Each structure stands twice: as structure tokens, then as C-alpha cells.
1. State to the nearest 20 debye the size of the charge dipole of the range A:1-93 about its Cα centre, where the only charges are +1 on K and R beta carbons and -1 on D and E beta carbons.
2. Can you list the trypsin sites (Lys or Arg not before Pro) in the range B:14-98 that are in a DSSP coil and have 10 or fewer other beta carbons within 10 angstrom?
3. Could you work out which residue, out of B:Q17, B:Q36, B:Q68, moves most in a Gaussian network model of chain B, that is, has the largest mean-square fluctuation with Cα springs under 10 Å?
4. So how do A:D49, A:D17 line up by other beta-carbon neighbours within 10 Å, fewest first?
5. In the range B:1-109, which GluC sites (Glu not before Pro) are in a loop and have at most 15 other Cβ atoms within 10 Å, using DSSP for the loop call?
6. So how strong a dipole does chain B carry about its Cα centre when Lys and Arg Cβ are +1 and Asp and Glu Cβ are -1, to the nearest 20 debye?
7. Order of A:D27, A:D59 from fewest to most other C-beta atoms within 10 Å?
8. For A:T10 and A:D59, what does the FRET efficiency come to when R0 = 22 Å and r is the distance between their Cβ atoms, rounded to the nearest 0.05?
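Here, each number is a calculation from the coordinates, and none is a lab measurement. None of the values given here were measured: they were computed from a predicted structure. Every residue, glycine as well, gets a Cβ built from its backbone with ideal geometry; the counts of neighbours run over all protein chains shown.
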Amino acid sequence: GENVEQHPSTLSVQEGDSAVIKCTYSDSASNYFPWYKQELGKGPQLIIDIRSNVGEKKDQRIAVTLNKTAKHFSLHITETQPEDSAVYFCAASLSGTYKYIFGTGTRLKVLA
Amino acid sequence: KAGVTQTPRYLIKTRGQQVTLSCSPISGHRSVSWYQQTPGQGLQFLFEYFSETQRNKGNFPGRFSGRQFSNSRSEMNVSTLELGDSALYLCASSVRDRGQGANVLTFGAGSRLTVL
């Protein structure tokens, strides 16, 4: 069935370092890949997304890359700050279905 | 612009009871989806409603149901509650069009249900 694997489950980095979270999806028909940040007591917040017709997208310190052939996509956060500490989820969706398959989440800790 | 509003934020029920959760989408958003979030299973899709019709459904038992009203507000109901239903229930809304907003979900803060 549809599945999204996410690694690592926890990640600790020093402030100012980069963080990379990787996801692999199973359904080759997926064509929309969002990343969400969830802070304690809050709902997931969209931080960046990418569609299958694009290989890379960047927004300030955050970037996402997509390899459709390998069915991999990754989140890159540069110059990490303590406020980046949260749980990050990747997801895959088939455009028009509005059904997201989420990864299991990565708890990122940025150490000051 | 107000975000997605979910009520109640917290509730405690006992096994066998039923519960109704409410979601008001962002103004102009016509699609509402529901997700269950648990530490063990992560975020799992329950169902999606658009124009008062269920468009897609996840792999949950029939005890989980929902509906959408003409103003796009949605409710979900869980009957005969079980201990395993304890979770954060998240509602998300979308414009559901073919533009850049397609597929983009905005989540609410969730309703945390505890079943004793």
C-alpha cells in the first residue's frame, strides 16, 4: 500500500549547523510533497512544498529536493536556530485526492 | 484572516460514549479533511469532504463518521469510543482548486480526545 518512510526519527544539531531529513515514498503516482513543522500543542504548519515537475525549491534557510526516479525527497535547513526545534513531517499526495500519506516524523533539536 | 478553528480543544470521554468534534475552515476554503494523530501511528487520514460530500476515506472503522454543512463547516463523530481512540484529531482545509493552492492543506490546532 501507500507508504512514506522518514529518517531520522530524531536529530540533534548545534546552532548554526545544517539539518537534513529524508523521505521515501512508495506510490509513483504521488506528485505533491509538503513538509510540515509541528510545535508542542499546535497543529502542523506548512513550511515548504514541492510538486513533481520541480526538482528543487528554496525559501530562505529551507530547501526541498525531489528525486522522482528514486522516489526520494529531502528537507534541508541551513543555519539552524533554536526556534527550528520541533517535529517535522513529510507527506506525499496525489494531486486532486487531498489525501496525504505522512512520514512518521523527525524530532529536531537545535542545541544553543 | 482567521485560521482553521477546531472545537473543543480538549475533551475526556469514557469507553462506550460518543463524541462530536467541530471544524470551521478558513473562509473561502471548501474542502475539509480530518486526520488522527497518535504517537504510535503518526498522522493518519480519516476522510475528506467537499461540497457536503465525502470524497475520500481512510482505513478507519465505521464508528468514525463525518459530515459537512453548506457553509463548509465540518463535524466528525466517533461512536462507541475505545481506549485506542485517544488521539489528537486534526482538521485541515483547502481551497481545492487547480491553481497553486491545489492540495495545500492548512491544519487547525486539533482536538485532543482522551478516552478513559
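1. It comes to approximately 300 debye.
2. Sparse-neighbourhood loop trypsin sites (Lys or Arg not before Pro): B:R98.
3. B:Q17
4. Fewest-to-most Cβ neighbours within 10 Å comes out as A:D17, A:D49.
5. B:E52, B:E82
6. 120 debye
7. A:D59, A:D27
8. Computed FRET efficiency for A:T10 and A:D59 comes out at 0.35.
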